[in-house]
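The values are calculated or read from the model by the stated rules, or taken from the named source; none is laboratory data. Predicted model, so just to flag it, every value in this text is computed and none were measured. A quick note on method: Cβ atoms are made from the backbone with ideal geometry, for glycine too, and the neighbour counts reach across all protein chains shown.
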Amino acid sequence: MRGKLASVEGLAMAPNDYYVHLIRVWDDLDQKYDKLDPNFRAICKAYTDGLNLYASRHQEKLKRHLWPAKPQDLVAGSIHKLPMMFGMHRDLARLMAGTGKPASTASVLNPDQLPIGSNFVAVGPSRSADQATRVCINSHQPWTGPVTWYEAHLISEEGQNLYGGLFPRLAGHLPRAQREHRLGTHS
């Protein structure tokens with residue numbers, strides 16, 4: 001999210017770095033971060049404190065130039081990914097097609113140019129042999145690249161029981177891409 005990924009992952013990530021600068025991820029973030037809700041900033045700090053603690057204990061797994069993680073990195077990640085959720089990378093690819101220029105941002109975000117689809121299937125108690133309810137969600141995220149997410153299951157002492165998708169280095173769950181143990185949601 002800092003616009004320096006090519007220095008860590010190689011030249012193939014230069015389009016991602018260009019994209020970070022194109023959408024001006026950091027232009028306002030540094031000036032406006034302190035205006036975000038203090039509770040949200042506390043979550044971001046706690047999340048990056050956890051990342052940095054893990055990093056300090058597993059330095060052999062670290063990539064250079066990425067550490068320490070800063071709370072602002074989490075917000076930058078959201079700024080970075082949101083336009084891609086609406087297909088901005090495809091628009092950039094169309095603009096670059098046939099120009100003879102280097103690989104487009106789209107080729108970095110979906111390197112195999114795989115079709116992206118999203119599916120949701122629910123089976124209610126009356127349709128299952130054991131009267132269980134089942135939910136199966138196949139998100140629209142690619143398997144590789146900067147917009148790949150992972151899934152997590154959180155059960156808190158306060159009673160939350162959530163399962164859903166998260167982007168690496170983004171704090172919190174995605175409320176539109178998660179399910180509570182009694183209620184399934186999708187996009």
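Scan region 118-133 and give yes if some residue there is modelled with pLDDT of 70 or more, within 16 Å of residue 17 (Cβ to Cβ), of a type in the set (D, E, K, R) and part of a helix (DSSP H, G or I), otherwise no.
Within region 118-133 (the criterion being modelled with pLDDT of 70 or more, within 16 Å of residue 17 (Cβ to Cβ), of a type in the set (D, E, K, R) and part of a helix (DSSP H, G or I)), the answer is no, since none of the residues qualifies.
(1) part of a helix (DSSP H, G or I); (2) of a type in the set (A, V, I, L, M); (3) at pLDDT 85 or above: which one isn't true of residue 69, the others all being true?
Result: residue 69 fails condition (1) only.
Consider region 1-57. How many of its residues are over 14 Å from residue 76 (Cα atoms) and not in a helix (DSSP H, G or I)?
Total satisfying the criteria: 2.
Hey, among the residues in region 5-31 that are surrounded by fewer than 17 Cβ atoms within 10 Å (Cβ to Cβ), of a type in the set (D, E, K, R) and modelled with pLDDT of 80 or more, which one's nearest to residue 70 (Cα to Cα)?
For region 5-31, the residue satisfying everything is 30.
With the structure loaded, tell me whether residue 53 is at pLDDT 70 or above, closer than 25 Å to residue 30 by Cβ and surrounded by fewer than 12 Cβ atoms within 10 Å (Cβ to Cβ) or whether it fails that test.
So residue 53 passes the test.
Which condition does residue 37 not pass, out of (1) among the acidic types (Asp, Glu); (2) surrounded by 14 or more Cβ atoms within 10 Å (Cβ to Cβ); (3) farther than 24 Å from residue 95 by Cα, if it passes all the others?
Status for residue 37: all satisfied but (2).
Could you go through region 90-103 and let me know if any residue there is under 18 Å from the mean Cα position of the chain (by Cα) and modelled with pLDDT of 80 or more. First the steps, then the outcome.
If we filter region 90-103 for residues that are under 18 Å from the mean Cα position of the chain (by Cα), which is where we start, we get 90.
If we keep only those that are modelled with pLDDT of 80 or more too, we end up with none.
Scanning region 90-103, I find no residue that is under 18 Å from the mean Cα position of the chain (by Cα) and modelled with pLDDT of 80 or more, so the answer is no.
In the set 23, 43, which member is closer than 29 Å to residue 92 by Cβ and either of a type outside the set (A, V, I, L, M) or in the same structural domain as residue 71 (by TED's automatic domain parsing) (or both)? Explain how you work it out, then say what you get.
Numbers: 43 fails: closer than 29 Å to residue 92 by Cβ.
Selected residue: 23, the only one of 23, 43 that is closer than 29 Å to residue 92 by Cβ and either of a type outside the set (A, V, I, L, M) or in the same structural domain as residue 71 (by TED's automatic domain parsing) (or both).
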